[in-house]
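The values are calculated or read from the model by the stated rules, or taken from the named source; none is laboratory data. Note that the coordinates shown come from a computational prediction; the quantities given were computed from them, not determined experimentally. Every residue, glycine as well, gets a Cβ built from its backbone with ideal geometry; the counts of neighbours run over all protein chains shown. In case anyone asks, the SASA skips ligands and DNA or RNA and just uses the protein heavy atoms, side chains included. Shrake-Rupley method; radii C 1.70, N 1.55, O 1.52, S 1.80 Å.
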Amino acid sequence: MDFLQTFKIALRALRTNKMRSFLTMLGIIIGIAAVIAMMAVGSGASYVISQQIASIGSNIILVIPGSTTSGGLRMGSGGSQTLTSDDVRAVMAECPSVLRASGTTRSTSQVVYGNMNWSTIVMGAAPELFDIREWPVVSGRSIGQQDMEGGAKVCLLGQTVAENLFGGDDPVGKMVRIKKIPFTVIGVLERKGQSPQGTDQDDTVFVPLRTAQVKLSRSSFPNSIGAMIVQARSEQLLDKAEEEIKNLLNQRHRITAGKEPDFSTRNLSEILAVAEQSSKAMSLLLGAVASISLIVGGIGIMNIMLVSVTERTREIGIRMAIGARRNDILLQFMTEAVLLTLIGGLIGICLGAGGALIVSHILEWPTLISIESITIAFFFSGAVGIFFGFYPARKAAGLNPIDALRYE
Amino acid sequence: MSTVISLSDIRRVFIMGDQQFEALKGVSFSIESGEFVAIMGASGSGKSTCMNILGCLDRPTSGDYLLDGLGVANMNQDQLAEIRNRKLGFVFQGFNLLARTPAVENVELPLVYAGRSSRERRARAMAALEQVGLQGKEYNHTSQLSGGQQQRVAIARALVNDPAVILADEPTGNLDSTTSDEIMNLFTSLNRQGITIIMVTHEADVAAYAGRRITFRDGRIIDDTRG
Ligand SMILES: Nc1ncnc2c1ncn2[C@@H]1O[C@H](COP(=O)(O)OP(=O)(O)OP(=O)(O)O)[C@@H](O)[C@H]1O
Ligand SMILES: [Mg+2]
């Protein structure tokens, strides 16, 4: 018997009991829809996270003053003022695996333009920072070396600051006041979006590091910096660069073996690894939910197929009497079960994708519906049909034709 | 004339728990091509048991069965299915048609399992339905047909694969006497066209249509008369 015929017979059998077929599929429909929707939302989430991590820049090492290990009465990290601009210069000069480095300072301040004012973060940064963070200006120019050396009173605005102080106007060339000191806006930075910690990275004003140290800081150590951002030459050199920085700074700060260093380093690939791990855990959870719902759906299919075999015993007897082989009967009931789960799977895929789109629309949360997840869901629903359809189909094929013909 | 069926010393023992029952106690006969045979006998005498063996639906406990020259007694289930499909046509007392299925598709069914193309199936099924006088009813669902018409569909289904023998177990058992006569006239005309028919019946007037009557009692043949 050819497959087309088997397919037609199965389709007719399903059509004869439309309502029952639909109810039988429901388990698979819900299971597959849930899987598709959750995978879409989940991969949307990990896309957002990877975008945010990428927004920091690649191959980055963060050096901050103080120790991360809380020993005795030490202050928390960043609490001391031990890192200086000289350290940055030394790292750039003496660590071969380091591509660029920039010191930064950070303070919160009111920025005033005309009668508008906006409380924001004012960061001091070297020109290198904008290369490290791959953060160009959209208008005007970025901070240059001459701004650094001269301690020029110029600044770059993040998008959020520009919008809040200038509305639609072009801020370039205008004068703003930071801590009552007038600064000329030389450029507006490209939009960067949220950081992995959830803060708005565009709510920042950048001034040359030297200017921040000399004009804005009230510190008695004008050479000190809040943090150092270092970019390694490549991903492979990330760990090596970190090692070189540690050795150099230990030497410069006279940290002998056994003494706790007065700085700490953080490698951004560690953050990446954590994010990866949590997305792995997420997909494991999704897989578990998917398996359970599909097993439940599959048991429903098996149940109904067993009922169907009993109900159609006489039909099976007729088919056997006029020449159906065991395999023909087996295949017919398997086809029915697989057709049930595949149709259910397709409906589930549509519902799941639709649901994910609605969620992403309402929550403004990106969702990614991958061809991969659709293919997996489709074949998985087929596999459920094969697995749970086999036992009822074998029962049908094993019937004795005489008994089956006599069945009332 | 060639021999279509040859049974020699067929025994069939049913085992139910620790009880045994010998429904056929050494049955032997042969049937030539083109014969019309009625099998008669009291209830429980073993007629249906014998028909099931003839129809390759059941296997004898011992004895030899040659169908169209083939020894079928020791064939496996799938081989028997193929024999049923190619060499036999069945007509049952209860019609045994597929419900909610058009007449023509019921008739096509043996050809489906024979792997014929859909065009050939349709053509042969239409011809078989015409042969049994059901022109115009081809696309009616079986539930829309009368008992006599349903039995005609069953006969068309039995005919469609050009079988060596048509086996009918009480084909008129569910029909009134007028319809029975119509069905028997159909059988007679098919037999005149050369088709071999073996039919079980309780009724003497139905058996009168056949050219040969074999009578069973307690699992044995007690009478075999022609004419
Ligand atoms: N599967 C079976 N298991 C046990 N005994 C059986 C089985 N099939 C038939 N028998 C017994 O074999 C005997 C013959 O049965 P069979 O059906 O051949 O009778 P029959 O001649 O067709 O009767 P009827 O005219 O009532 O149809 C009966 O006594 C019956 O009880
Ligand atoms: Mg009987």
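For this structure, a couple of remarks:
Residue-wise test of (1) closer than 13 Å to B:F90 by Cα; (2) part of a helix (DSSP H, G or I); (3) within 16 Å of ligand 2 (Cβ to nearest atom); (4) away from chain A (no Cβ under 14 Å).
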| position | (1), (2), (3), (4) |
| --- | --- |
| B:E130 | no, yes, no, yes |
| B:G133 | no, no, no, yes |
| B:Y139 | no, no, no, yes |
| B:V153 | yes, yes, no, no |
| B:N185 | no, yes, no, yes |
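- Checking each residue in the stretch B:5-35 for being free of Cβ contacts under 8 Å to residues at least 12 places away in the same chain and within 16 Å of ligand 2 (Cβ to nearest atom) picks out B:F14, B:F21.
- Cβ-Cβ under 7 Å pairs, at least 6 apart or on other chains, the stretch B:49-64 side touching a residue at least 40 places away in the same chain (Cβ under 8 Å) and within 13 Å of chain A (Cβ to nearest Cβ), far side surrounded by 23 or more Cβ atoms within 10 Å (Cβ to Cβ) and assigned to a helix (DSSP H, G or I): B:G55/B:R84
- For the stretch A:215-265, a residue qualifies if it is free of Cβ contacts under 8 Å to residues at least 12 places away in the same chain and of a type in the set (S, T, N, Q), and the qualifying residues are A:S220, A:Q236, A:N247, A:N250, A:Q251, A:T256.
- Here A:R191 meets the list (1) within 21 Å of A:K215 (Cβ to Cβ); (2) open to solvent by 10 Å² or more (accessible area, probe 1.4 Å) almost entirely, failing just condition (1).
- Selection from the stretch B:161-186 of residues that are of a type in the set (V, I, T) and open to solvent by less than 10 Å² (accessible area, probe 1.4 Å): B:V165, B:I166, B:T172, B:I183
- Beta carbons closer than 8 Å, at least 6 apart along the sequence or on distinct chains, pair a first residue in the stretch A:381-405 that is within 14 Å of chain B (Cβ to nearest Cβ) with a second that is of a type in the set (D, E, K, R) and assigned to a helix (DSSP H, G or I) for A:A397/A:R326; A:G398/A:R326; A:A404/A:R314; A:L405/A:R314.
- Selection over the stretch A:143-173 of residues that are within 37 Å of the chain's Cα centre (by Cα) and part of a helix (DSSP H, G or I) gives a count of 10.
Yes/no per residue for (1) away from ligand 1 (no atom under 14 Å from the Cβ); (2) in a loop (DSSP other than H, G, I, E, B):
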site: B:R12; (1), (2): no, no
site: B:I15; (1), (2): no, no
site: B:M40; (1), (2): no, no
site: B:S45; (1), (2): no, yes
site: B:C50; (1), (2): no, no
site: B:L66; (1), (2): yes, no
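- Any hit, the stretch B:107-119, residues being within 16 Å of ligand 1 (Cβ to nearest atom) and open to solvent by less than 40 Å² (accessible area, probe 1.4 Å): no
- Single condition B:M75 does not satisfy, out of (1) within 9 Å of ligand 1 (Cβ to nearest atom); (2) aliphatic (A, V, I, L, M); (3) open to solvent by less than 70 Å² (accessible area, probe 1.4 Å): (1)
- Close contacts from the stretch A:269-287, counting a first residue that is part of a helix (DSSP H, G or I) and a second that is of a type in the set (A, V, I, L, M, F, W, C), with Cβ to Cβ under 7 Å and a gap of 6+ residues or different chains, come to A:S269/A:L238; A:I271/A:I53; A:L272/A:I53; A:A275/A:I49; A:A275/A:I53; A:L286/A:V35; A:L286/A:M38; A:L286/A:M39.
- Residue count, the stretch A:373-397 (criterion: touching a helix residue (DSSP H, G or I) at 6+ places or on another chain (Cβ under 9 Å) and open to solvent by 30 Å² or more (accessible area, probe 1.4 Å)): 12
- Residue selected from the stretch A:290-324 under the condition facing chain B (nearest Cβ under 8 Å) and touching a residue at least 60 places away in the same chain (Cβ under 8 Å), by the criterion nearest to B:G89 (Cα to Cα): A:A321
- Matching residues, the stretch A:126-149, being touching a Lys or Arg at 6+ places or on another chain (Cβ under 9 Å) and small (G, A, S): A:A126
- Here A:A337 does not qualify as under 27 Å from the mean Cα position of the chain (by Cα), away from chain B (no Cβ under 14 Å) and either of a type in the set (K, R) or surrounded by 17 or more Cβ atoms within 10 Å (Cβ to Cβ) (or both).
- Count of the stretch B:39-60 residues, restricted to those that are of a type in the set (G, A, S) and open to solvent by 30 Å² or more (accessible area, probe 1.4 Å), is 4.
- One residue stands out in the stretch A:240-268 among those that are of a type in the set (D, E) and outside any helix (DSSP H, G or I): the one that is farthest from A:T84 (Cα to Cα), namely A:E260.
- For the stretch A:308-324, the criterion of being open to solvent by less than 30 Å² (accessible area, probe 1.4 Å), of a type outside the set (D, E) and closer than 17 Å to A:G31 by Cβ is met by none of the residues.
- Selected residue [at the interface with another protein chain (Cβ under 10 Å from one of its Cβ atoms) and within 16 Å of ligand 2 (Cβ to nearest atom)] from B:N106, B:N161, B:N174, B:N96: B:N96
- Note on the stretch B:65-81: among residues that are within 13 Å of another protein chain (Cβ to nearest Cβ) and out of contact with any helix residue (DSSP H, G or I) (no Cβ under 8 Å at 6 or more places or on another chain), the one that is nearest to ligand 2 (Cβ to nearest atom) is B:L80.
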